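Engineer: This structure is in structure tokens; I'll ask about it shortly.
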Amino acid sequence: MQFKKIFYKEVDSTNNEIERLARGNAPEGTVLISEVQKKGKGQGKNYWISNTGGLYLSILLRPDKKLPLLSLMTGVVVVETLKNFVPRGFYIKWPNDIIHNSQKIAGILVESRYRGNVADNVIVGCGININQTVFSEVTEYRATSLKLITGNDFNIEEILNLFLEIFLKSYNKYLDLGENIVLESFKPYLYLHNRIVKVKLYNDKVIEGKLTGISEDGGLMILKSDGVCETIISGRIQAQ
Ligand code: BTN
């Protein structure tokens, strides 16, 4: 796969726009980057604030098998990219909030369309806070950026190119070697590992227990006080 970058000044959401391009038969490896998003999408019903100064991109993939850990993999790619600029302090809050010193610096939104059992278009959306210093909306976690952490301005295109280089290596490894390589790479970054957490499930039920790790299918493993271990596939770790 080769990346083909397309730059926009402004768009509603890079995920939405690349899906429109995908319907018009854009090739696998198309990468859409926009300086601003007017309706950046976050997980669930959240917005993703997308003013100038951040990196907002979507990658179009057409894998010939299901890749359940693609979003965890992308989280590791973001951390490995950012570590080149700030060496320490990054964690991934399951499933894919990138955290630096308890503040959120990046988020990932993978959206897949299936034809039968095979993914037709897989869109990997990623937003990284780079040079922004003001975040207008109140969010669960305070937002941070590379500039807020270091005081310096960064070259967004340099970070984009590094991200794509690391993404391609990780993606090819995932295709060749399977899930284990992703799980191993994710382990050192698991936020709140061995801590007591509360996880809110899709039906609003809350489970409390010790976060013991990530299961083979990418679920969150929680050891409850009654000794039962639960694996959560979809849910949200509540703020500490
Ligand atoms: C989250 O943490 O809630 C996920 C945020 C994902 C934001 C990125 S920015 C580029 C891409 N286009 C979107 O509309 N959303 C993703």
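Engineer: Quick one: Karplus J couplings for region 195-206, per residue in order, coefficients 6.51, -1.76, 1.60, θ = phi - 60°, nearest Hz, x for Gly and Pro?
Structural biologist: So the J values, rounded to whole Hz, are 9, 7, 10, 10, 10, 8, 8, 4, 9, 6, 5, 10.
Engineer: Please give the Cα centre distance for region 11-81 versus region 145-162, rounded to the nearest Å.
Structural biologist: If you average the Cα positions of each part, the centres end up 19 Å apart.
Engineer: Enumerate the lysines that LYS83 could reach by cross-link, defined here as Cα to Cα under 26 Å, with residues fewer than 8 away along the same chain left out.
Structural biologist: Within the straight-line limit of under 26 Å, LYS83 reaches these lysines: LYS4, LYS5, LYS41, LYS93, LYS104, LYS147, LYS169, LYS173, LYS187.
Engineer: Taking θ as phi - 60°, what are the ³J(HN,Hα) couplings along region 207-221 by the Karplus curve (6.51, -1.76, 1.60), each to the nearest whole Hz, with x for Gly and Pro?
Structural biologist: Residue by residue, region 207-221 yields 10, 10, x, 8, 7, 9, x, 10, 7, 4, 9, x, x, 8, 9 Hz.
Engineer: Continuing with the same structure: Okay, helix-only estimate at 222 nm for the chain: each DSSP H run of n ≥ 4 adds -39500 (n - 2.57), divide by all residues, round to 500 deg cm²/dmol; what do you get? Numbers along the way, then the final one.
Structural biologist: Details: 5 runs with 58 residues, N = 240.
Counting only the DSSP helices, I get -7500 deg cm²/dmol.
Engineer: Assuming a ≥ b ≥ c are the square roots of the Cα gyration tensor eigenvalues, decide whether region 139-240 counts as rounded (a/c under 1.5), prolate (otherwise, with a/b larger than b/c) or oblate.
Structural biologist: Oblate, since a/c reaches 1.5 and b/c is not below a/b.
Engineer: First measure r as the distance between the Cβ atoms of ASP153 and LYS5, then evaluate 1/(1 + (r/R0)^6) with R0 = 25 Å and state the FRET efficiency to the nearest 0.05. Intermediate results must be reported in sequence, preceding the final value.
Structural biologist: Values: r = 22 Å, r/R0 = 0.86.
Step by step, r from the Cβ atoms, then E = 0.70.
Engineer: Need one number: nm distance between label points at LEU201 and GLU165, each 7 Å from Cα along Cα→Cβ, rounded to one decimal.
Structural biologist: So the two model labels end up 4.5 nm from each other.
Engineer: With θ set to phi - 60°, apply the Karplus curve 6.51 cos²θ - 1.76 cosθ + 1.60 along region 76-84 and write out the HN-Hα couplings as whole Hz, x wherever there is a Gly or Pro.
Structural biologist: Going residue by residue, I get 5, 4, 4, 4, 5, 5, 5, 4, 5 Hz, with x marking Gly and Pro.
Read the figures in this text as sums done on the coordinates, not as results from a lab. Keep in mind the model is a prediction, meaning the values are calculated, not measured. Positions of Cβ are backbone-derived with ideal geometry, glycine not excepted, and every protein chain shown enters the neighbour counts.
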